[in-house]
Amino acid sequence: MRRIFPYTALLSLLLLAVRGNAQTVKGDLSTRALAILRENCVSCHGAQKMSGLDLRSRSGAVAGGKRGVALVLGSPEKSRLFRFVAGLEKTQMPPAKPLSSAQIATLKTWIQSGAKWDDKGKIEGTFWSFRPVVRPAVPRKPFANPIDSFLTAKLEQKGLSLSPPADKRTLLRRAYFDILGLPPTPEEVQSFLADTPPKAFENVVDRLLASPHYGERWARHWLDVARYAESNGFKTDEKRPNAWRYRDYVIEALNSDKPYDRFIKEQIAGDELYPQDLSARIATGFCSHWPDESNAQDLRQRRQDILNDLTDTLGATVLGLTVGCAKCHDHKYDPIPQKDYFRLQAFFAGVRPREDLVLLSSNQHTDWQRQQADWEGKTSSIRTQLATLEEPVRKRFFESRKGRFPKEVQEAIETVPAKRTSLQWLLYHKALPQLEMTEGDVASGVNSEKAEVKSRWKELRKQLDSFRNLKPDPLPLGQGITDVGAEVPKTFLLAGGLMNKPLEEVQPGFLSTITTESPQISAPNNESSGRRTALANWLASPQNPLTARVIVNRVWQGHFGRGIVGTPSDFGQTGERPTHPELLDWLTSEFIRNGWSLKKLHRLILTSKAYQQSADYNPKAAKADSENRLLWRFRRQRMTGEVLRDTLLSVSGELSLQRGGESVMPPLPADVTTRGYWKDSTNPKESNRRSIYIFVKRNLRFPLFEAFDMPDTHEACARRQVTITPLQSLLLMNEATMLQTARTFAERVLRETENDPKAQIERAYQLAFQRSPDVDEHYRALRFLTKQAEIAEQRLQANEKIFVPQTLPQGVNKAQGAALIDFCHVLMNTNEFVYVE
Amino acid sequence: MNHEPRQPHIPQNLTRREVLFRAGGGFGALALAYLQAQEAVADTLQRPHFAPKAKSVIWCFMEGGPSHIDLFDPKPALQRLAGQPLPPSYGRPITAMGTAENALLPSKRTFKQHGQSGIWVSDWYPHIAEHVDNYTVLRSCWADGLNHVGAVGQMNTGAILSGRPSLGSWVQYGLGAANNNLPTFVVLLDEREPIGGPKNWSSGFLPAAYQGTQFRPDGNPILALKPPSTIGEAQQRSKLDFLTEINRKYSKTRSDDTELEARIRAYELAFQMQSAAPTAMDISKEPDSVKKLYGLDSPATERFGKNCLMARRLVERGVRFVQLYCGTGSQWDAHSDIEGNHAKMCRISDKPVAGLISDLKQRGMLEETLVIWGGEFGRTPMTEGTNGRDHNPWGFTVFMAGGGVKGGQVIGSTDEVGLRAEERPIHIHDLHATILHLMGLNHRQLTYHHDGREERATVNGGNVVKEVFV
């Protein structure tokens, strides 16, 4: 049998080489041993007492935990503490990253020599991300921007420094793509090149951050972590007709620089905290973007799945923790007991999804109701007659649908409202859409009735229709959440995370490793429990060590392509450690000091030398830091599919910059079938809108975006992957809409130049790359144009159809026009086009 | 021979370069091919954990849920209890259509024992029955999904909730590509999309390169495989050459960035694929005898038969995983008229599946090709309406052939009426673990670090059903 070498062992060997280097703790044996425990063990085996073990004191260690005695003085082999860290027991501890052999040896010697323990106090150890944010001193370096001082301090330790500034064109492109997701025009580049330093770039930054397109670009980053989609998923994947309002809410929040703490509060508890603010109600859409199964029968299980979605998403998105790992058992790596998972979940126990949030001011709503009442009054007799006719149909439908549900749901439906428990109310609301008939259902139901019923019904419907002009427009509705009431169902710790295995009841509570404080919960009224208010206030507090750090890191990642913590939704043990912990904390404290302003944070980053440095390679630096963790140069980044599409349309001159509103459905590639679901927006003003406005369907990602690594929208995505596949090449090279874009691009070049190939090449380069081609490029381009024109000419001679601009200026023949399309199309496919430096 | 282990865990510090390696194992095998030459480390990425028994999988997915009690799992007790409700000892399952209280409906089919092994198959599957001595029939499968979307999803991805990678994606991640000019994981549909659509072949949280590629039976098999006819071949070639020229110049001062080089190669591969994929799908040169074997000579079997034949041609060319749907859009879903529905669906699938097995056998390919037949669940012994059957995820049949599978055996059983798996229950995770095992992959070692967890195809469960091949 072939022996399988355990890779984890290999991995730990690699890791300890690094850790061993970095960690040389000085001091006597006891100090060193206790430092090892403090750094590596007590975050779980301390106050959390995982497995019943508390290693904060010698007595605790001797007493041991569920598995037995942990420390036998003088005898490492008998001490579980040693056996576990040495890998003699399963699972080796700490589970995420075993200790180095030197550390293990230290513990061994320490136990052999009697495990001297500085008994003055218990050792306390807190994992870095759970420690309070402390503003560190800025290293003394000759930089105006503290970011550069922090970075340089680290670089210098390796004998490195920041790279020289990028050239101005590159820098401007970088800023445009980063902040707006759009290329600068050649003219904008020209004027920037002419502008004199030093304020020129700062002015650009201010201008771009003030642009409404900034929100359109950065909203996409947030929508990735918000698992935003506009359809249900599952089988039928129905549209969520008002989900787009949440997308607009995010764009608007970013553009108006809504403080991040408020942004979070609105999304978690906008309905309770700001009931008068319509946008805060839309913000609660964040808590409703879960995938949902519209024909589910086991609705209590569905509710549990939804609660899990909310808990996991909150953990990943706001706290940057893999809270979801503690659903079935205590977290294996982080100090998050399973109980904490359900304590967090309990904040959401009352959540009731709403698709009927009325987005009108109370005055407007009163007006609407008056109109509606008027219509109802005038049609009351018709509607009563209709109701009588429809009654048997409706009853049959109701009974048959009700019959599909399990007993507990049927009971919830049958129980009289006054007697329904809060859980029954939730089940009832969830069942309701399946019990209600659509207009189509009614029509087809009536169709199978007797002829006289049918004709009478039709007649009455006709009469009712004649009052249509009195009926007010449908209410503008939003999608979000409210509570089911002030009372909410109990939450239980679930064994193995299984709904039908409840253990003890739990109350809402924060992560116990961060705070032992109990939430102060009071119901604001009869309709809400106030639980989410308590959660939101805790999350958005400057004292919360995670919320601000996590968003600062996400913003950093947005600019540099990689966070200070490389795992932006995992600030736990299995996540990466920050490459620059002091910088992260300094930025975080600065961010809070600046009123949680994202724009100020952007500005701080964008005006650093680190951001403005060149992306050029430097062999010496690469040798010392091959992954560029220390940021000795700027990272070249491939565009996302969304930015790529916007850029293509912008270069061809077709981009429609209309903002906000319902999503659009640009035509899909031929062969992609949706059976009528996808209603192509045929008007170019609509179909050529920015990518952020394209309908997000769970079961069908927009093909270009999917090919370019748009994440699955079923769960939060912290960092997009970058893959290179032939499918991307096929789409960009062959897909009909791409060819059309190339044609429009070519037509624009023809329109904007004199009839001269040299000028055409120049203009195409300017539009695509905002620079002039060099002599060599000019030569190659001319040669290519000539060759393509020849090929096209031959094809014309052979009576083949060729692809030519729709209008050709005088003096340009078809073959030349076709060649220019080919040229423009190639530029669109180049690396220079899709990479931003 | 001393194989280095493949890396079962993604190193935590996932760098751009590493992402690329992994991407390279999928549809974008080119990136890997290029980088392998440069970086020895890449070579250890794609290896089986142990010697595989099967090189490829062809999974004939009968979508909608075929009735095991009318096909492979005869239940004499049902005749006896006909018209009575489910005895109380069975409890009351939550069913999709609320049929738990309904009367039991016996099968109208005639069952016979076949082959040397004497395995029971009903008269709906005469051709499939001819090969029973090649099958392991798993009569005790069970799943968690009550509805189609969850159940189809789980059969593909292991979970009833969306977001996880399809089994084909895991195989691709674990083994990489065997043919650089074709995708490694191909999906063939018959009429429309299965319930749940592309998420059934999604790469979930694995990089996009691992997702299955849908091959269309007509026209261009792959999306945007060829430019419109207004672009000629010489013209396209010349464009690609010019593109490479420009890209090379751009790379000159950026030679450290392998991603740029990978992208250059991606275009080359795309171009090669333009001819490789249609060739694989072109069955016109297959002899008539072969076409007949798959039922291409009859309108009922032509469509699915063609897909089965294409599956063989793809596997021949190194495609590792073919998900082949029969009855997309829940066509096996016989809530009413089980007789009419299944007679039709069985006719559609019988000859093509049997033909596929014969053909693979004749070519000596069956030993290394795992053929799987099954739906997302079975059907209830209780009637729905007067003559239909409801969804049954608690007990149903799947059979496997070839690819190291022991022939002529039945594993497990359902209870007396065929409602629940009883003896040797086999969960979908067990099924997946077994399939991966046959392909040389240990499902506990094939992991991917995602959101703080080492995720695997079998989520938290899965035990290899060793009897399948021992």
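The values are calculated or read from the model by the stated rules, or taken from the named source; none is laboratory data. The structure presented is a predicted model; accordingly, all values stated were derived computationally and were not measured. Cβ sites come from the backbone with ideal geometry, for glycine too, and all protein chains shown count toward neighbours.
May I ask you to list the residues in segment B:250-284 that are facing another protein chain (nearest Cβ under 7 Å), at pLDDT below 90 and outside any helix (DSSP H, G or I)?
B:ASP256, B:ASP257, listed by residue number.
Is it the case that some residue within segment B:63-76 is farther than 21 Å from B:ARG424 by Cα and surrounded by fewer than 22 Cβ atoms within 10 Å (Cβ to Cβ)?
Looking through segment B:63-76, none of the residues is farther than 21 Å from B:ARG424 by Cα and surrounded by fewer than 22 Cβ atoms within 10 Å (Cβ to Cβ).
Conditions tested, residue by residue: (1) touching a strand residue (DSSP E or B) at 6+ places or on another chain (Cβ under 7 Å); (2) under 28 Å from A:ARG645 (Cα atoms); (3) surrounded by fewer than 23 Cβ atoms within 10 Å (Cβ to Cβ); (4) assigned by TED's automatic domain parsing to the domain that holds A:LYS758.
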| site | (1), (2), (3), (4) |
| --- | --- |
| A:ALA781 | no, yes, no, yes |
| A:LEU785 | no, yes, yes, yes |
| A:GLN788 | no, yes, no, yes |
| A:LEU808 | no, yes, yes, yes |
| A:GLY811 | no, no, yes, yes |
| A:ALA815 | no, yes, yes, yes |
| A:ALA818 | no, yes, no, yes |
| A:CYS824 | no, yes, no, yes |
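Do you know which residues across segment A:222-261 are touching a Pro at 6+ places or on another chain (Cβ under 9 Å), surrounded by fewer than 21 Cβ atoms within 10 Å (Cβ to Cβ) and within 14 Å of chain B (Cβ to nearest Cβ)?
A:ASP224, A:ASN232
Just to be sure I understand, how many residues within segment A:55-86 are closer than 17 Å to A:LYS332 by Cα and without any contact (Cβ under 8 Å) to a residue 12 or more places away in the chain?
Selection size over segment A:55-86: 1.
Which of the residues that make up segment B:210-243 are more than 8 Å from chain A (Cβ to nearest Cβ), in contact (Cβ under 8 Å) with a residue 12 or more places away in the chain and more than 20 Å from B:ARG263 (Cβ to Cβ)?
Of everything in segment B:210-243, those that are more than 8 Å from chain A (Cβ to nearest Cβ), in contact (Cβ under 8 Å) with a residue 12 or more places away in the chain and more than 20 Å from B:ARG263 (Cβ to Cβ) turn out to be B:GLY212, B:GLN214, B:PHE215, B:PRO217, B:PRO221.
Looking at (1) modelled with pLDDT of 75 or more; (2) among the small types (Gly, Ala, Ser); (3) assigned to a helix (DSSP H, G or I), can you tell me which one A:SER12 breaks?
(1)
Given the residues B:ARG237, B:ARG254, B:ARG263, B:ARG216, which is the only one that is under 29 Å from B:GLY163 (Cβ atoms) and surrounded by fewer than 23 Cβ atoms within 10 Å (Cβ to Cβ)?
Result of the check over B:ARG237, B:ARG254, B:ARG263, B:ARG216: B:ARG216.
In segment B:289-318, which residues are farther than 22 Å from B:GLY375 by Cα and outside any helix (DSSP H, G or I)?
Those that are farther than 22 Å from B:GLY375 by Cα and outside any helix (DSSP H, G or I): B:LEU296, B:ASP297, B:SER298, B:ARG317, B:GLY318.
What are the residue pairs meeting all of these: first residue in segment A:701-714, first residue in contact (Cβ under 8 Å) with a residue 60 or more places away in the chain and facing chain B (nearest Cβ under 8 Å), second residue among the charged types (D, E, K, R) and surrounded by 22 or more Cβ atoms within 10 Å (Cβ to Cβ), Cβ atoms under 7 Å, and 6 or more apart or on different chains?
A:HIS714/A:ARG227; A:HIS714/A:ARG698
What is the number of the single condition among (1) in contact with a strand residue (DSSP E or B) (Cβ under 9 Å, 6 or more places away or on another chain); (2) within 14 Å of chain B (Cβ to nearest Cβ); (3) aliphatic (A, V, I, L, M) that A:ILE336 does not meet?
(1)
Given the condition surrounded by fewer than 16 Cβ atoms within 10 Å (Cβ to Cβ), hydroxyl-bearing (Ser, Thr, Tyr) and free of Cβ contacts under 8 Å to residues at least 40 places away in the same chain, answer yes or no: does some residue in segment A:417-428 qualify?
The answer is no, given that none of the residues of segment A:417-428 is surrounded by fewer than 16 Cβ atoms within 10 Å (Cβ to Cβ), hydroxyl-bearing (Ser, Thr, Tyr) and free of Cβ contacts under 8 Å to residues at least 40 places away in the same chain.
Kindly indicate which of A:GLY661, A:GLY676 is over 24 Å from the mean Cα position of the chain (by Cα), more than 28 Å from A:PRO186 (Cβ to Cβ) and among the small types (Gly, Ala, Ser).
A:GLY676
Scan segment A:721-737 residue by residue and report those that are buried (at least 24 other Cβ atoms within 10 Å of the Cβ), in a helix (DSSP H, G or I) and facing chain B (nearest Cβ under 7 Å).
Within segment A:721-737, A:PRO726, A:LEU727, A:GLN728, A:SER729, A:LEU730, A:MET733 qualify.
Tell me whether segment A:303-320 contains one or more residues that are within 36 Å of the chain's Cα centre (by Cα), part of a helix (DSSP H, G or I) and basic (Lys, Arg).
Yes, some residue in segment A:303-320 is within 36 Å of the chain's Cα centre (by Cα), part of a helix (DSSP H, G or I) and basic (Lys, Arg).
If you scan segment A:339-358, which residues turn out to be out of contact with any strand residue (DSSP E or B) (no Cβ under 6 Å at 6 or more places or on another chain) and in a loop (DSSP other than H, G, I, E, B)?
A:PHE347, A:PHE348
Return the only residue of B:TRP201, B:TRP142, B:TRP170 being farther than 25 Å from B:MET273 by Cβ and buried (at least 21 other Cβ atoms within 10 Å of the Cβ).
After ruling out the rest, the residue left standing is B:TRP142.
Results for (1) assigned to a loop (DSSP other than H, G, I, E, B); (2) charged (D, E, K, R); (3) under 18 Å from A:ASP646 (Cα atoms), shown as yes or no for each residue.
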| site | (1), (2), (3) |
| --- | --- |
| A:GLU216 | no, yes, yes |
| A:ARG220 | no, yes, yes |
| A:ARG227 | yes, yes, no |
| A:ILE251 | no, no, yes |
| A:LEU254 | no, no, no |
| A:ALA269 | no, no, no |
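Please enumerate the residues belonging to segment A:638-668 that are crowded, with 17+ Cβ neighbours inside 10 Å, part of a loop (DSSP other than H, G, I, E, B) and within 14 Å of another protein chain (Cβ to nearest Cβ).
A:MET639, A:THR640, A:LEU668 - these are the residues of segment A:638-668 that are crowded, with 17+ Cβ neighbours inside 10 Å, part of a loop (DSSP other than H, G, I, E, B) and within 14 Å of another protein chain (Cβ to nearest Cβ).
What are the pairs with Cβ atoms under 6 angstrom where one residue, in segment B:176-204, is facing another protein chain (nearest Cβ under 8 Å) and closer than 21 Å to B:ASN220 by Cβ and the other, located anywhere, is assigned to a loop (DSSP other than H, G, I, E, B) and not hydroxyl-bearing (Ser, Thr, Tyr)? Sequence gap at least six, or different chains.
Here the result reads B:ARG192/B:GLY329; B:GLY197/A:ASN699, each pair linking segment B:176-204 to a residue that is assigned to a loop (DSSP other than H, G, I, E, B) and not hydroxyl-bearing (Ser, Thr, Tyr).
I'm trying to understand the selection: among the residues of segment A:540-566, which are assigned to a loop (DSSP other than H, G, I, E, B), within 14 Å of chain B (Cβ to nearest Cβ), surrounded by fewer than 24 Cβ atoms within 10 Å (Cβ to Cβ) and not small (Gly, Ala, Ser)?
Within segment A:540-566, just A:ARG562 meets the criteria.
Looking only at segment B:412-452, which residues are in contact with a Cys (Cβ under 8 Å, 6 or more places away or on another chain) and under 16 Å from B:ALA159 (Cα atoms)?
Once the filter is applied, which keeps residues that are in contact with a Cys (Cβ under 8 Å, 6 or more places away or on another chain) and under 16 Å from B:ALA159 (Cα atoms), segment B:412-452 yields B:ILE426, B:HIS427, B:ILE428, B:LEU431.
In segment B:315-334, is there at least one residue being more than 22 Å from the chain's Cα centre (by Cα) and either surrounded by fewer than 22 Cβ atoms within 10 Å (Cβ to Cβ) or touching a residue at least 24 places away in the same chain (Cβ under 8 Å) (or both)?
yes
Considering (1) of a type outside the set (Phe, Trp, Tyr); (2) surrounded by fewer than 16 Cβ atoms within 10 Å (Cβ to Cβ); (3) farther than 30 Å from A:PHE130 by Cα, say which one A:GLY485 fails and leave the rest.
(2)
Which ranges mark the strands (runs of 3 or more DSSP E) fully within segment B:376-470 that have 1 or more residues being away from chain A (no Cβ under 14 Å) and among the acidic types (Asp, Glu)?
Counting at least 1 such residues, we get B:421-423.
Would you mind stating whether A:ARG635 is under 20 Å from B:SER251 (Cα atoms), in a loop (DSSP other than H, G, I, E, B) and within 13 Å of chain B (Cβ to nearest Cβ)?
yes
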